[in-house]
Amino acid sequence: MENFWAGVLWATEIWLYLIVCLIMIPAMFGFSLGISETYMNILVQTLEWATLNIQKANAEEESAKASASNGLIQREHGSMEKELGELRRSRPKPPVGGDFTLSDCFYFTRRGIESIVDDEVTQRFTSEELVSWNLLTRTHNDFQYISLKLTLVYGLGIFVRYCILAPLRITLAGIGLTWLVIGTSAVGFLPNCRVKFWLSEWVHVMCYRICARGLSATIRYHNKENRPKKGGICVANHTSPIDIVILCNDGCYAMVGQVHGGLMGIVQRAMVRSCPHVWFERSEMKDRHLVTKRLTDHVNDKTKLPILIFPEGTCVNNTSVMMFKKGSFEIGATIYPVAIKYDPKFGDAFWNSSKYSMVSYLLRMMTSWALVCNVWYLPAMHQQEGEDAVHFANRVKSAIAHQGGLVDLQWDGGLKRAKVKDTFKEQQQKKYSSMVVGDDSSSNSD
C-alpha cells in the first residue's frame, strides 16, 4: 500500500513539474513553447476531416441544415413606413391628413407571425446553431453514426477532453486563482507607489494568462494601437464571464460589479487591495447617482486603470449585439470600444445563465476542444456636441457590431427575463397613428 501512495505522489509531482515548466512559466512571461499551436493544428485538421466525412455521408441533409441555419424565414428589414407604403401603392394617398387601408392588416399579421416563428430576441439566448457537427455532444447536431472511423475519432476525443485536458485545465484554473488571491493580497501591503501599481498589473495579467492557458485559449488581438488607456472606459459586447479573462490577457483593467460572498468575495477583496476596482453593495447598485459619481471619480483620475464595462448587462450568444445601457455613456469619458467574436466550431462560449450554473458552465468550457476568438480594438470615441447618452451608446454599439460581424439589434437584453416595456409598444402605436391620423393630429388635439 505504501508503494501505491508513493507512486501516486511521484506521478503528482511529475504532473505539477510539467505544468509549471511547460505551461505556467511561458504563460507568466507571455510566450509559448509551441504546444498550443501544435494542438490547434491537429484539432483543425481533425475537424476538417470529420466535416468532409459527414458531408460525404449525407450531402443532401447537410445542405438542408446549412440553408435552415440562415433563418427559418426571409425578413424584410425596411421601416414601417416603407413597408406599408409598398402595400398602399395601388391606393392614392388623400391630399390632407393620414389614411387607413385594410391592407395594413397584412403588415402587422406578417410581423406577428415572424415573431412567433423566429423572433430576434429569444434566439439570441440559445447556443449558436452549427452547420457541421464539431464532435461535441453539446451542439445541436448530436452524435450520429456515420462511419467506424468517425466513431473511433469521437471516442478518442472524449478520452482526450475528459481524461487529459479537463484535469490539466482544472489544475491551471486552480493555480491561477490561488496565485491571484495570494499575489494581489501581498501587493496590497505595499505603499502606494509606481512599483506597487506595476506589480499589481503584472500579477493580474500573469494570473489571467495562466487561466487562459487553462482553457486552451487562442486569442488574436487586432489594432493594438487602439488599446484602452488610463482614465477611459472600455466597453465590449458580452458573451461569457470568460470575456474578462480574454481582455485582461492583453492588459489590466479596473472591474465594476456587485460585491459577492463566498469564493468570489475572497477574490474580490484580494483584488481591490492592490488595484482600485469599483465594487458596489447590492443596495448601492440601485442608486444611479452614487454609481455615476464613483465611476466619474475613477475616470477623472488619469493614473487609474481604464474601467471595463459590458453595457448589454447580460450574456448574448455572440451572434448579435443588443441594446447598451446608457449609464456608462453619461459620464462624458473617453470610450474605447472592443469587439469580441468567438469561433463556435471549437466550443460554445455562450453562458446561458438560465440553464447552467457558473460551475456547470465552466466545466463545459474545460471539456470543450478549445477557446478561439478574435478581439478588435476600435479607435477611441467621444460624445459629440448635442448628442445624448442614448444616441452615443447606439453609435458605439453599431461600431462594435460592424467590426465583429454581429447583428446590431435595438432590443434590450433584459427581455431575457422580463416582458417588453409598455413604452416600446406605445412608440410603435404612435408611429402608426401618425400615419393613419396624420402628423398634425397632435397639434389639433391641443
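The values are calculated or read from the model by the stated rules, or taken from the named source; none is laboratory data. Values in this document were obtained by computation on a predicted structure and should not be read as measured data. Glycine also receives a Cβ, built like all others from the backbone with ideal geometry; neighbour counts cover every protein chain displayed. In case anyone asks, the SASA skips ligands and DNA or RNA and just uses the protein heavy atoms, side chains included. Shrake-Rupley method; radii C 1.70, N 1.55, O 1.52, S 1.80 Å.
Being modelled with pLDDT of 85 or more, crowded, with 19+ Cβ neighbours inside 10 Å and on the phi > 0 side of the Ramachandran plot holds for only one residue in ASN318, ASN249, ASN223, and it is ASN318.
Given the condition of a type in the set (Ser, Thr, Tyr), more than 16 Å from SER368 (Cβ to Cβ) and either surrounded by 15 or more Cβ atoms within 10 Å (Cβ to Cβ) or within 26 Å of the chain's Cα centre (by Cα) (or both), answer yes or no: does some residue in the range 159-169 qualify? No, the range 159-169 has no match at all.
Applying the criterion of at least 1 residues that are open to solvent by less than 70 Å² (accessible area, probe 1.4 Å), farther than 29 Å from CYS373 by Cα and at pLDDT 75 or above to the helices (runs of 4 or more DSSP H) found wholly in the range 1-83 leaves 2-19.
Screening ARG194, ARG161, ARG138 for residues that are at pLDDT 90 or above, charged (D, E, K, R) and on the phi < 0 side of the Ramachandran plot leaves exactly one candidate, ARG161.
Taking the criterion of being over 14 Å from LEU378 (Cβ atoms) and open to solvent by 30 Å² or more (accessible area, probe 1.4 Å), the residues of the range 391-407 that qualify are HIS391, ASN394, VAL407. Flag: LEU177 does not match the condition of being open to solvent by less than 50 Å² (accessible area, probe 1.4 Å), at pLDDT below 90 and on the phi < 0 side of the Ramachandran plot.
Listed by first and then second residue, the pairs with beta-carbon distance under 9 Å, at least 6 apart or on different chains, first residue in the range 334-360 and under 25 Å from SER398 (Cα atoms), second open to solvent by 50 Å² or more (accessible area, probe 1.4 Å) and among the β-branched types (Val, Ile, Thr), are PHE350/THR126; ASN352/THR126. Looking across the range 192-220 at every residue that is open to solvent by 40 Å² or more (accessible area, probe 1.4 Å) and in a loop (DSSP other than H, G, I, E, B), the one that is farthest from VAL272 (Cα to Cα) is identified as CYS193. Of the residues in the range 223-233, at least one is in a strand (DSSP E or B), more than 16 Å from VAL375 (Cβ to Cβ) and either among the aromatic types (Phe, Trp, Tyr) or touching a residue at least 24 places away in the same chain (Cβ under 8 Å) (or both). Going by the structure shown, is LYS325 within 13 Å of the chain's Cα centre (by Cα), of a type in the set (Lys, Arg) and open to solvent by 30 Å² or more (accessible area, probe 1.4 Å)? Against the criterion (within 13 Å of the chain's Cα centre (by Cα), of a type in the set (Lys, Arg) and open to solvent by 30 Å² or more (accessible area, probe 1.4 Å)), LYS325 does not qualify.
Being buried (at least 19 other Cβ atoms within 10 Å of the Cβ) and out of contact with any His (no Cβ under 9 Å at 6 or more places or on another chain) is a condition met by at least one residue of the range 266-275. The set of residues from the range 160-181 being over 11 Å from SER216 (Cα atoms) and either outside any helix (DSSP H, G or I) or of a type in the set (Gly, Ala, Ser) (or both) comprises ALA173, GLY174, GLY176.
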